[in-house]
Amino acid sequence: MNMIVCVKQVPDPEVPPAKFRIDAKTKQVIPPEGIPPVINPFDERALELALRLKNAYGGKITVLTMGSAKSESVVKRAISMGADDGVVLSDPSFQDSDSFGTAHILACAIRKIGDFDLILCGRQASDWDEGVVGPIIAENLSIPIVTLALAIESADKALKVKRVTTDGYQVFSMPVPAMVTVSWDVGRPRLPSGSGVIMAARKKIPVWSAADIGADAGQVGKGAARKEAAGLSRREWARKCEIIQAETPDEAGTKLAEKLRDVGAV
Amino acid sequence: MDFALTEEQTMFRDMAHKFAEQEILPYIKDYEREEKFLRSVVDKARDVGLVAPFIPEEYGGLGISKTTLAVILEELCWGSYSIAHNFLGGPVQPGSIVLKAGNEEQRKRWLPPMCRGEIFLAGAAVEPRAGSDASNIETTAVKNGNKWVLNGTKLFITCGGIADVAMVLAQTDKSKGPRGLTIFAVERGTPGFTSRDLEGKLGFRASNLADLRFSDCEVPDENRVGEIGRGLRNMFYGIDLARLFCVMGSVGMSRSCMESVIAYTKERVQFGKPVASFQLVQGTIAEMAAAIDGVRMQGYRLAWLMDNDAPHTLESSYAKYQAMKLVNFVTQQSIHLFGAYGIIDEYPVQHHYRDALLVSLMGGTPEMHALMIGRQLTEIDALSR
Amino acid sequence: MSEKILIFGEVAEGKVTTVTKEILTIGRELANQTGEPLSVLLIGENIEGAAKDAVSMGGDNVYIANGPSIAKAHPDLYLAIVAEACKQLSPSIILFSHTDMGRDLAPRLAARLKASVTMDCIKLSLDENTKALLLSKPVYGGNAVAVWTSKPGTTQIATIRPRSAAPAESDPSRQGKVTPLAVSVGPSSVKGEVLETVVEEVQGIRLEDAKVVIAGGGGIGGVEGFAILEELASLLGGTVGVTRVPCDEGWKPLSMEIGQTGRIVSPNLYIAVGVSGAPQHMTGCSSSKLLVAINRDPDANIFKEADLGVVGDYKKVLPSLIERCRSLKM
């Protein structure tokens, strides 16, 4: 089963909230100092699902990322985990693309790669938390899509996809080629392997420009963006915490009960 | 002089650190309490290629450089020295012996299954009356036709109780003293070879330490590893790399302790202030940090010399000597700064403290290294043989 | 006819769902502000009753399109119906609830209609000067809030996070039109099929309905640790939820997860036990009336998010808390 996994490089979401900074004027998040960006954890889980499918059915995994030359690290990370190949899509004209521009760029690259059965990406990116690029790519390529995939089985040119729902799950059958977005709940992604690290470090990752993939200039960049940020602000901490003072944890528990009674919560 | 880590080393470092977080840290407490050898971690290590990665690719390893290995060792031992030892430290000595001193058939026979985590190898030199004084070996190997008959006891052999093959240093010619020693590979199941796990250990509890006993144990000559009489030199191949493990492992353990101390002292409040705000405490932390930084650099330099096939006897002793001082100082001070919490196994410092007790003895005691350095520099042998 | 604001409403068992009532509130307010009528699209069979309810809750024009119930429908089919309906109705603002179906439909519809799309919005407002629609939504895992606006003339699609508004109240005296919409979609609009739909039974009170929630995080340490949380929940008439960590560790199922990729709750009392207070989780419970935190780490982020806090080991705090609550209840 030949697969393409779309991954995004994002600021490390594990940075503690106290270190989170915003530039309100440019409406951008200031990357935390000294902490390198990482692969979007949701995309990493999509890659994990793809690796399981490769283990089960064979085939090739190609990783795509849109960004700058520095985005190469997420492609290398993917290769160290077991992906076969990867490409960075980078061009000055791609800057400030919105989700539709990004989806257009990825779709063009996917068409250039050509041979694929399944495209996978994370359910959303941990920076802007939209979760729309995958579905838009599917529309662009006119291929079926199932979101929040938990597990996939392959059988006669069709896929059986288990999808997470709020109250349980569903099982879909879908023809290939197809797209899935992947649920967080596929489980912890595997560690890179030693041989994977060696291979990834040695590999030269190609960079494709707008011309290489035949991107339509009218569909990318700031000019094509359908929306823009009117504001970005830190979440307000509206509450002021009263710490219950006590000599021992037992006493604290007792006092907490009384406090809850006082405020009418119990 | 380029001190920067390569891209490959950075990726290995991150991977080894994650491995330590996921596959080592959660198990420390239980395996310490039960004093059980953590077998499952070997399988997990094998899955990502961390069992003996220093072995060349053709024999099943990854063929990574010693400098890359140094980076990996620090992260794994940041998790736990004794647990990392189960899959990486254990193979270091016997693996290197087979690689450097063994013949091709022996390499092909033992190294690939070792790298696959299928068999364990152990290096067996130490005896009741031969620790630092390796030439005082009393285990004998007597030729009988095409076989050798071994008799003797080995003590405190790491992975000895689970080893499938033990590289045993035996005396083949008493008259030649240190040049009359030879190494024999003794396979588990050979009649006359028994082992007994050491229990009630104060440290290294998640790892295996055992006595090995040879009683008229017959091994074929094919199992002789290296030339007759070259046993001591061949044993040293293993000890050499084991010292790197010791140095970088000490750095990792110490760093873990220091990080725990910093986090704890920032949290713990006494006299209305965090303990980390007291000058004496900051002084200790600074000492730890500076020492860790120093030994790390010594370890990297030692690895570099090994990679470049340069002589490194002195540098090895310098690094080892400093590493043992480091690990004793840091683990002891860490327990101390944690106050009573230091002795509770909910906190990681206790585990490192216990392991440090053995780490400062393996691969040559500090005293031995001091004398080796002294002998090199003064050209006077104070080792008094 | 150019209908400005269109709501996609969800119907379950013949009734308009709670989250649909919530977006009716939002849609109604927006309609009042803009002076435009509020349209609602419902899909199903025999749902005239639900349509009338939608009128009573603020819809001016409620359209019914024939189709299977949402529980059984393939998203492709609903997408085709909604896209067809939008061709006929030409809305400039389309609102969905951020449900399984809404999340699926919104971006794909936006691609088909060349509209903008903004997901998981918590607030809609109009710019004072330009009167442009402003969509606020949490980003960076809940660390920040972004406000998005679209280029003039762009059709805008948004999904609304559950609990962002109070459910609309029914006013039977409200006037409005219910119109069947003839929407024909070919079978080729659906690629694949739904083989199975499984609804897992909920034990006890649903998290979204609970007045009291006791949430356990990574600090619980293991599945056994939850026993005492369940005891507390039972005593206070509430239910237990979890952060992402217990799900990742396999201690508890993901149906219990509260947070950005889980459930949004707003109980009267929320007691977070062994929860660090990461924004991804807080975003799921931040509208709780009273938030209490119990955590061993005095630096934990949760103590910035809570009203009341106890720094200590939950294993020691909860037993005395339970005992005292019990004695106070007498």
Proximal lysines relative to residue A:203, as straight alpha-carbon distance under 27 Å, when same-chain residues fewer than 8 apart are discounted: A:8, A:54, A:60, A:70, A:76, A:112, B:18, B:44, B:66
Whole-Hz couplings from phi, Karplus 6.51/-1.76/1.60, listed for the stretch C:157-172; x for Gly and Pro: 10, 9, 10, 10, 5, x, 6, 7, 8, 6, x, 5, 8, 7, 10, x
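Fully extended, how many nm does the chain gain between residue B:313 and residue B:343 (0.36 nm per residue separation, minus their Cα-Cα distance)? Show your work: numbers first, answer last.
Details: separation 30, 0.36 × 30 = 10.80 nm, distance 3.75 nm.
The span from residue B:313 to residue B:343 would gain 7.1 nm if fully extended.
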Dipole of the stretch C:207-329 [Lys/Arg +1, Asp/Glu -1 at C-beta], most positive-end residue of C:294, C:217, C:277: C:294
Kirkwood Rh and Cα Rg combined as Rg over Rh, evaluated for the stretch C:259-330: 1.00
Residues whose placed amide H lies under 5 Å from that of residue B:156, excluding near-sequence neighbours: B:210, B:211
For the protein assembly as shown, share of DSSP beta bridges that run antiparallel, in % to the nearest 5: 50 percent
Label-point gap, in nm, between residue C:202 and residue A:84 - each point 7 angstrom along Cα→Cβ: 4.6 nm
Simple label model, 7 Å out from Cα along Cβ direction - residue A:112 to residue A:60, nm: 1.5 nm
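Using 1/(1 + (r/R0)^6) with R0 = 56 angstrom and r between the beta carbons of residue B:7 and residue C:175, what's the FRET efficiency to the nearest 0.05? Mind showing how you got there, number by number?
Working: r = 69 Å, r/R0 = 1.24.
The computed FRET efficiency comes out at 0.20.
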Most mobile of C:244, C:296, C:263 in a GNM of chain C (Cα contacts under 10 Å): C:296
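Tell me, which longest segment in chain C has none of the GluC sites (Glu not before Pro) that fall in DSSP loops with at most 10 further Cβ atoms within 10 Å? Don't skip to the end; give the middle numbers.
Numbers: sites that count: C:13, C:128, C:201.
That would be C:202-330.
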Estimated translational D of chain B in µm²/s (Stokes, Kirkwood radius over Cα pairs; 20 °C; 1.002 mPa s): 100 µm²/s
Candidates per GluC sites (Glu not before Pro) in the stretch A:11-48, loop by DSSP, up to 15 other Cβ within 10 Å: A:14, A:33
Candidates B:276, B:70, B:323, ranked by Gaussian network fluctuation over chain B, Cα under 10 Å, top entry: B:276
Burial ordering of C:197, B:378, B:172, fewest other beta-carbon atoms within 10 Å first: B:378, C:197, B:172
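Listing A:139, A:258 from the residue with the fewest other Cβ atoms within 10 Å to the one with the most, what is the order? Can you show the working numbers first?
Values: A:139 21, A:258 14.
Ascending number of Cβ neighbours within 10 Å: A:258, A:139.
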Under 22 Å from residue C:21, Cα to Cα: lysines that are on another chain or at least 8 residues apart: C:4, C:52, C:72, C:123, C:137, C:177, C:211, C:289
Unit charges at the beta carbon, dipole of chain A: most positive-side option, A:13, A:73, A:199: A:199
Shape call, the stretch A:108-219: gyration tensor on alpha carbons, a/c limit 1.5: oblate
For the stretch A:2-224, alpha-carbon Rg and Dmax in angstrom: 17.0, 54
Computed over the protein assembly as shown, Cα set: Rg, Dmax in Å: 33.0, 114
Calculated FRET efficiency for the pair residue A:243/residue B:273, C-beta based, R₀ 22 Å, to 0.05: 0.85
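First check a/c for the stretch C:207-329, with a ≥ b ≥ c the square roots of the eigenvalues of its C-alpha gyration tensor; if it is under 1.5, answer rounded, and if not, answer prolate when a/b is larger than b/c or oblate otherwise.
Values: a/c = 1.25, a/b = 1.21, b/c = 1.03.
Rounded.
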Neighbour-count order for A:96, C:76, fewest beta carbons within 10 angstrom listed first: A:96, C:76
Value of Rg to Rh for chain C (Rh from inverse mean 1/r over Cα pairs, i.e. Kirkwood): 1.02
Selected from A:222, A:54, A:240 as most flexible by GNM, with chain A as the system and alpha-carbon contacts under 10 Å: A:240
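Taking a cut-off of 13 Å, what percent of all Cα-Cα pairs in the stretch B:8-58 are separated by more than that? Please report the intermediate quantities before stating the final value.
Values: 829 of 1275 pairs.
Of the Cα pairs, 65 percent sit more than 13 Å apart.
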Peptide-level mean, for A:186-193, of C-beta atoms on other protein chains within 10 Å: 5
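If packing is taken as the mean number of other Cβ atoms within 10 Å per residue, what is the order of B:350-359, A:193-202, highest first?
Details: B:350-359: 23.6, A:193-202: 21.1.
Descending packing order for the listed peptides: B:350-359, A:193-202.
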Using θ = phi - 60° and Karplus 6.51 cos²θ - 1.76 cosθ + 1.60, couplings along the stretch A:74-80 (whole Hz; Gly, Pro as x): 6, 5, 5, 4, 4, 5, 5
Those residues of the stretch A:17-52 whose amide nitrogen sits under 18 Å from the label point placed on residue A:236, 7 Å along Cα→Cβ: A:22, A:24
Binned Cα-Cα distances of the stretch A:1-72, short to long, each 10 Å bin given as a whole percent: 17, 38, 27, 13, 4
Label point at residue C:45 placed 7 Å out along Cα→Cβ; residues across the stretch C:63-102 whose backbone nitrogen lies under 16 Å: C:65-74, C:78
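If you count, for every residue in A:229-240, the Cβ atoms of partner chains within 10 Å of its Cβ, what is the mean?
On the way: counts 5, 11, 8, 7, 5, 4, 12, 2, 6, 3, 10, 3.
Going residue by residue through A:229-240 and averaging, the value is 6.
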Under Karplus coefficients 6.51, -1.76 and 1.60, residue-wise ³J(HN,Hα) of the stretch B:260-273 in Hz, glycine/proline x: 5, 4, 4, 4, 5, 5, 6, 7, 6, 10, 9, 6, x, 9
Diffusion constant of the stretch C:5-189 at 4 °C, which comes from Stokes-Einstein with the Kirkwood Cα-pair radius and 1.567 mPa s, µm²/s: 79 µm²/s
Amide N proximity, the stretch C:193-217 versus residue C:268 label position 7 Å along Cα-to-Cβ, cut-off under 18 Å: C:205-215
Shielding by partners - mean other protein chain Cβ count within 10 Å, residues of C:257-264: 2
Hits among lysines - C-alpha to C-alpha of residue B:201 under 18 Å, sequence gap 8 or more where chains match: B:29, B:36, B:154
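Here, each number is a calculation from the coordinates, and none is a lab measurement. Since this is a predicted model, take the numbers as computed values, not measurements. Reconstructed Cβ throughout: ideal geometry from the backbone, glycine too, with neighbour counts over all protein chains shown.
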